[in-house]
Amino acid sequence: MTSGVAISDEVVNLYNSIKVRHQGAEEKERFKLLIMRISDDQKGIIVDHENCLRNKDVENEADIFQTIINKLPPKECRYALYDCTYVGNSLMEDLVFIMWAPEDASMRSKMVYSSSKAALKSKMPGLKFEWQVNDCADKQVSCLVEKLGGRGKVKTVEGKSV
């Protein structure tokens, strides 16, 4: 089932810019967290600029993971693209697609977001990880660690031991 919701060019362009690594000053301007939402008219998936985070916004955070989680609204669905840095056997950087559908969101919203997810992901080739978050238990770093390969393989996420 598809919702017929279009993906904005801005979403595609920002995905392309976040997946390509650049050296130098522009690294601070890269997105750490790109949050997307369905527009008010329900016709397109757009960037939720108010809740996105750039690298410079989180470089001095004591708990980057909690800062990122706090950007997800408690009663509204969202999509997110998280540029995750973690250590397994070596330093890794991967993009994690997040589907945020909290229990308190309306059933209609959950259905529209769910039916639009495949179309959005098709515009983001090469994603290795997807993280479905529905409640507080899912928002724990341990859930993300499992997605990235498990406790035996992942030693740190965003510089924090797991």
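Read-outs: derived from the displayed coordinates by stated rules, not from any lab. Just so it is clear, the structure is predicted and the values come from calculations on it, not from any experiment. FYI the Cβ positions are ideal-geometry reconstructions off the backbone, even for glycines, and counts take in every protein chain you see.
The table that follows gives values for the structure above.
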quantity	calculated
At most 13 other Cβ within 10 Å, DSSP loop - trypsin sites (Lys or Arg not before Pro), segment 47-145	LYS75, LYS128
Potential extension, LYS155-GLU130 segment - 0.36 nm per residue separation minus Cα distance	7.1 nm
Cβ charges +1 (Lys, Arg) and -1 (Asp, Glu), total dipole of the chain, debye	480
Greater than 18 Å apart at Cα, pairs in LYS128/LYS153; LYS32/LYS128; LYS56/LYS128	LYS56/LYS128
Pairwise Cα inverse-distance average, inverted: Kirkwood Rh of segment 6-161 (Å)	16.0
Choice from ASP41, ASP83, ASP135 showing the highest fluctuation, given a GNM over the chain with Cα pairs closer than 10 Å	ASP41
For the chain, built as a Gaussian network whose Cα springs stay under 10 Å, the top-fluctuating residue of PRO125, PRO74, PRO102	PRO125
Spin-label model distance (nm) - GLN140 vs SER115, 7 Å beyond Cα toward Cβ	3.4
Contour minus Cα-Cα distance for LYS56 and ASN13 (0.36 nm per residue)	13.5 nm
Candidates GLU146, GLU50, GLU76, ranked by Gaussian network fluctuation over the chain, Cα under 10 Å, top entry	GLU50
Between helix 9-19 and the chain: long-axis angle, C-alpha atoms, 0 to 90°, nearest 10	10
Inter-label distance for LEU91 and ASP41, nm, one decimal - labels placed 7 Å from Cα along Cα-to-Cβ	4.5
Between helix 107-122 and the chain: long-axis angle, C-alpha atoms, 0 to 90°, nearest 10	60
